[in-house]
Amino acid sequence: RMAESGGRAVERYDVVVIPGLAERLFPRKIVEDPILLDASRKLLAVAAPGGLVTQTDRVAAERLALRLGAGAARERVVISYPRIDMEQGRPRVPSFYALETLRAAEGRLPGFDEIALRAREHGEARLGWPAPERADDAIDDAEYDLALLGPLLDQGVDPKTTVGTARYLLGANVHLARALRARAHRWWKRWTPADGLVDADELGRAALAAHQLDARSYSPTALQHFAACPYRFFLQAVHRLKPREEPIAIEIIDPLTRGSLFHEVQFAVLSQLKADGLLPVRLDDVDRAQACVDGILDRVAARWRDQLCPAIPRVWDDGINGIRADLREWLRRAAEDESGWVPDRFELAFGLAARERGEADPASVPTPVEMLGGLRLRGSIDLVERRPGGSLRVTDHKTGKARAAAGVVIGGGEILQPILYALACEQLLSAPVEAGRLYYCTAAGGYEQRAVALDEESRAAARAMVGVVDRALRDGFLPAAPVERGCTWCDYRSVCGPWEEVRLKRKPSDRLADLARLRGMP
């Protein structure tokens, strides 16, 4: 039915529900149009009467909306407000409009305590558990489920009175039932297939056959995931899962982008300096070398800027200038180095068939390098240096903080680039390699180095690491067994949940003996 209200036709209803009458929600904060302020609007309204909305009109429109809503009810008006601000975790209070509505309906203005009590009686939603106390008061399936499950979490409830309460969930949906059983199995004090890839069947072993170390290539970075968590290695290197990329406005240069840009400029700078006969860089040539850095960085940064379209140009420019300062300091330190190493090859790639020409050293090969009893390794060595006597040194440049400890060999299986790249270079160039090293060549890393001598100890450590990973793949045993605090920044936390370290302590440790030995290596 239609009724007239303030010159407008309003549809009538038996019951009208008006939610959200909380302070700062209704009335919402009314602000002026920042492009055309009210003062200017009033001046323009002289020429166009009634054509421009001002602050007074906006406030009146808010009040009219509430009046129309309340006036449309024939029998009952239900007014509600959220008692908790879910984002801030603090209580809310009703707005003065809600208070005035109560005054008009009841002839008096109740206090806030009385209003809060009445709100709790009609809705028992709590912060972190959005459901009423009684399941009969639920308004949807989610509230009903939470209301039933809530008492199960109460330590003071007798378990005999709650047995079977959640049984209905197993019959509600076959997929939910399977997920709940799998989640329960993960808390058992033995290993089950719910704990990752555990005790694979014939079909699983057949699928894993294509991912053995001698059947396909792996990068050192992929192999490092195994020591951090075998299941992470399985998800990343075998299933090749990765976080979904979402387009966002670039406000700062993130570490991954910074590292990629830094390495691209390094490769171009070293290639140009070699072509100009300026390697190794001497103190007399530092100015020319740094001028080369500036020119190449400007060109590369301009291309990246066109691709990424940073939201705040000044922040982007500051990031590029930070990279410039790091590159110039890297060259200055290289000019002061009197160790006798001469940069010889840059971005020596192997097993990366899709790498474009001009982005890798001419000695690069499209096939992976086979080593250590069958491991097929792929990757790209940032820098190969040569001594006058013919021996080589392999360097992997890092742009972050120096996280590898001094004296590292394989770092418990999580620092593999130095030794694996040294072994790969030895085969590729058929020359003795003295060492592999990590060079944290930025201010963030303090320009620190971590060198690993290519000797019997490091070769044995590399063979042991390969053996552990090989046995895990052949046995089909890649459980969720994270290293301490390994789940904190893991990309797959949403897959496993936050409790894997707690669950791991409940599992028998005998099947993790290989992994424990690997993690204990220097």
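The values are calculated or read from the model by the stated rules, or taken from the named source; none is laboratory data. Remember, predicted model here, so these are calculated numbers, not experimental data. When we count neighbours, we look across all protein chains shown, and the Cβ atoms used for this are built from the backbone with ideal geometry, even at glycine. Accessible surface is based on the protein model in full, side chains and every heavy atom, while ligands, DNA and RNA are left aside. Shrake-Rupley method; radii C 1.70, N 1.55, O 1.52, S 1.80 Å.
Any idea how many residues of the stretch 399-425 are among the hydrophobic types (A, V, I, L, M, F, W, C) and outside any helix (DSSP H, G or I)?
So the count comes out to 9.
Identify the residue in the stretch 191-226 that is polar (S, T, N, Q) and closer than 23 Å to GLY374 by Cβ and, among all such residues, is surrounded by the most Cβ atoms within 10 Å (Cβ to Cβ).
In this case the residue turns out to be GLN224.
Scan (1) in contact with a Gly (Cβ under 6 Å, 6 or more places away or on another chain); (2) open to solvent by less than 50 Å² (accessible area, probe 1.4 Å) for the single condition ALA135 breaks and write down its number.
(1)
Which of the residues belonging to the stretch 227-249 are open to solvent by 30 Å² or more (accessible area, probe 1.4 Å) and part of a loop (DSSP other than H, G, I, E, B)?
HIS239, ARG240, LEU241, LYS242, PRO243, ARG244, GLU245, GLU246, PRO247, ILE248, ALA249
With the condition kept exactly as written, say whether any residue in the stretch 169-177 is out of contact with any strand residue (DSSP E or B) (no Cβ under 9 Å at 6 or more places or on another chain), β-branched (Val, Ile, Thr) and either open to solvent by less than 100 Å² (accessible area, probe 1.4 Å) or in a loop (DSSP other than H, G, I, E, B) (or both).
no
Just to be sure I understand the filter: pairs with C-beta atoms under 9 Å, separated by 6 or more residues or on different chains, first member in the stretch 268-296 and free of Cβ contacts under 8 Å to residues at least 40 places away in the same chain and more than 17 Å from ARG324 (Cα to Cα), second member open to solvent by 20 Å² or more (accessible area, probe 1.4 Å) and not β-branched (Val, Ile, Thr). Which pairs pass?
If the second residue must be open to solvent by 20 Å² or more (accessible area, probe 1.4 Å) and not β-branched (Val, Ile, Thr), the pairs left are ASP276/ARG288; ASP276/CYS292; LEU278/GLN272; LEU278/ASP285; LEU278/ARG288; LEU278/CYS292.
Within the stretch 7-32, how many residues are outside any strand (DSSP E or B), within 24 Å of SER95 (Cα to Cα) and either open to solvent by 80 Å² or more (accessible area, probe 1.4 Å) or at pLDDT 70 or above (or both)?
12
Taking ARG387 and the conditions (1) within 23 Å of LEU297 (Cα to Cα); (2) surrounded by 14 or more Cβ atoms within 10 Å (Cβ to Cβ); (3) charged (D, E, K, R); (4) modelled with pLDDT under 95, which numbered condition does it fall short on, given that it satisfies the others?
Here ARG387 meets the rest and fails (1).
Within the stretch 460-493, take every residue that is of a type in the set (Val, Ile, Thr) and surrounded by 13 or more Cβ atoms within 10 Å (Cβ to Cβ) and give me the one that is nearest to the chain's Cα centre (by Cα).
VAL483
Just need a number here: residues in the stretch 305-352 that are without any contact (Cβ under 8 Å) to a residue 24 or more places away in the chain, over 25 Å from the mean Cα position of the chain (by Cα) and surrounded by 14 or more Cβ atoms within 10 Å (Cβ to Cβ).
Number satisfying all stated conditions: 0.
Go through GLU434, GLU457 for me and flag whichever is part of a strand (DSSP E or B), open to solvent by 70 Å² or more (accessible area, probe 1.4 Å) and in contact (Cβ under 8 Å) with a residue 12 or more places away in the chain.
GLU434
What about LEU428, is it modelled with pLDDT under 95, crowded, with 18+ Cβ neighbours inside 10 Å and over 23 Å from MET521 (Cβ atoms)?
So LEU428 passes the test.
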